[in-house]
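Quick notes on the structure that follows.
Quick note: the coordinates plus some simple rules give every number you see, no bench work behind them. On a predicted model such as this, the values are computed, not experimentally measured, just so you know. All Cβ positions, glycine included, derive from the backbone under ideal geometry; neighbour counts span all protein chains shown.
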Amino acid sequence: MTGRPPDPRESSLDHLGLYQLGVHTVTGPTEAVPPCLVCGSETAHPHFEIENLTARVVVCDKCGLGRLHPMLDSDEISSLYPDDYYGEPGTKFQPLVESVVRFIGERHITFLSRGLAPHARILDVGCGRGVILGALANRGFEVHGLEISAEAARGADPRAEIRIATRLADADYADASFDEVIIWHVLEHLSDPRETLEAAHRILKPGGRLIVAVPNFSSLQARWTGDAWFHLDLPRHIHHFPLEALRTLLTDTGYTVGEAYHFSLRQNPFGWIQSVLNRFGSLPRNGLYTMLHRRSHDEPPPFDAATTAWLWFWLIVGTPFALAATVWETAIRSGGSVHVVATR
């Protein structure tokens, strides 16, 4: 066992640079750990172990936050994101899937822009390929993005002003300069989410809005599928937030916490399909996601014809059931991913 993530050149990475490490549920006694970033508790119990890693996921005995322990350092975290992780310039998935992603992205822009004044200044932290920013720019907003590498932001909409920095605190944004800050499925990747939320609070105008989306570690989807849960994404997801722990962290960093939304057409149906396949199938772990990921023209398919056919079959057959499960989990307020609105 080793304390570092496997090197991107080693066989633990598939042809796309996507980790396919085994994850297993474990039990064990409560142990001493560094203070929890949410509640400060210094005890946690082991929950998941990760193939070839010393670091495990431990769960706080007080607030239920999951985290990697021992924590990875900055170089180890950077090694989890080889260039292929971001896809071709401006795209990440196969053309049909990319079209669906962008269609859904356009549709939820109405939510992100609700109540904002014309020409409001919006920052997307971890903007990636700028899918959100392009759609917001189409509505006349002044859009800004932050990414950790220029490679990650390749193909982003040219109307967006994008800065490259390891931390939001290092991006040199002025105090009270944004009407809205979006942190969309980024917080779980960060070694210090509290620091990022504090920095976002500083750059928001009084009354400005923060929108945070994370996988919901306390969700029905997470509990039912366990170590097969697609949104674990270990070891890239460093923190695993139950909804109430996220609410507590937002309150502690100065926000007034508003509504939590449990419906996500972009995240939750696919999460159900891939997690169920991971749990019950003999197919490759996260194989459906790997198959749908964009490849260069000279790169061979990731799987043989039979495996590919089975993956497509389960995607088609499973989609109606996954949509029904997504409606159900929304109704009982236990979405596999959630987004929370808070104000400064």
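Mind ranking 216-229, 67-80, 191-204 by how tightly packed they are, going by the mean number of other C-beta atoms within 10 angstrom, highest first?
216-229, 191-204, 67-80
Considering only PHE263, PHE241, PHE303, the Gaussian network model of the chain with Cα springs below 10 Å gives its largest mean-square fluctuation to PHE303. Counting charges near GLU259 (Lys, Arg +1; Asp, Glu -1) among other residues having Cβ under 13 Å from its Cβ returns a value of +4. Computed over neighbours whose Cβ is under 15 Å from that of ALA342, the net charge equals +1, Lys and Arg +1, Asp and Glu -1. Net charge dipole, the chain: roughly 1060 debye, given to the nearest 20, about the Cα centre with Cβ charges of +1 for Lys and Arg and -1 for Asp and Glu. Distant-in-sequence amide contacts of ALA120, defined by a placed amide H-H separation under 5 Å and a gap of 5 or more residues or a different chain, comprise GLU142. Taking θ as phi - 60° and the Karplus parameters 6.51, -1.76 and 1.60, the scalar couplings of the stretch 126-132 work out to x, 6, x, 7, x, 4, 5 Hz in sequence order, x denoting glycine and proline. Across the stretch 311-325, computed HN-Hα scalar couplings (Karplus, 6.51 cos²θ - 1.76 cosθ + 1.60, θ = phi - 60°) run 5, 5, 4, 6, 5, 5, 5, x, 4, x, 5, 5, 5, 5, 5 Hz from first to last residue, x flagging Gly and Pro. Using every pair of distinct Cα positions in the stretch 191-337, the Kirkwood expression returns a hydrodynamic radius of 17.1 angstrom. Here is the tail figure for the stretch 35-81: Cα pairs spaced more than 17 Å apart come to 37 percent of all pairs. Classify the stretch 214-253 as rounded, prolate or oblate, taking a ≥ b ≥ c as the square roots of the eigenvalues of its Cα gyration tensor: rounded when a/c is under 1.5, otherwise prolate if a/b is larger than b/c and oblate if not. Judged from the Cα gyration tensor, the stretch 214-253 comes out oblate (a/c at least 1.5, b/c at or above a/b).
Think of the chain as having a plus end and a minus end, set by charges on the Cβ of Lys, Arg, Asp and Glu; of TYR261, VAL212, ALA160, TYR261 sits farthest toward the positive end of this dipole.
Mean residue ellipticity at 222 nm from the helices of the chain, using -39,500 (n - 2.57) per DSSP H segment of n ≥ 4 over the full residue count, to the nearest 500 deg cm²/dmol? Provide the component values of the computation, followed by the final result.
Numbers: 10 runs with 104 residues, N = 344.
Calculated at 222 nm, the ellipticity per residue is -9000 deg cm²/dmol.
Between the amide H of GLY155 and those of GLY90, distances stay under 5 Å, these residues lying 5 or more places away or on another chain, with hydrogens modeled in the peptide plane. Projecting the Cα atoms of THR54, LEU123, TRP328 onto the dipole axis of the chain, where Lys and Arg carry +1 and Asp and Glu carry -1 at the beta carbon, places TRP328 farthest toward the positive end. Please say if the chain is rounded, prolate or oblate, where rounded means a/c under 1.5 for a ≥ b ≥ c the square roots of the C-alpha gyration tensor eigenvalues, and otherwise the choice is prolate for a/b larger than b/c and oblate otherwise? It comes out rounded by the Cα gyration axes.
GNM on the chain, alpha-carbon springs under 10 angstrom: the most fluctuating residue among ALA152, ALA305, ALA324 is ALA305. Counting other Cβ atoms within 10 Å as a rough exposure proxy, the listed residues CYS127, CYS63, CYS36 run CYS63, CYS36, CYS127 from fewest neighbours to most. Other residues within the sphere of radius under 14 Å centred on the Cβ of CYS36, judged by their own Cβ, net out at -3 (K and R +1, D and E -1).
A simple rule links phi to the HN-Hα coupling: the Karplus curve 6.51 cos²θ - 1.76 cosθ + 1.60 with θ = phi - 60°, which for the stretch 166-179 gives 6, 10, 4, 5, 8, 7, 6, 7, 6, 4, 6, 10, 10, 7 Hz, with x for Gly and Pro. Summarising the amide proton neighbourhood of TYR81: residues at separation of 5 or more, or on other chains, whose placed amide H is nearer than 5 Å comprise an empty set.
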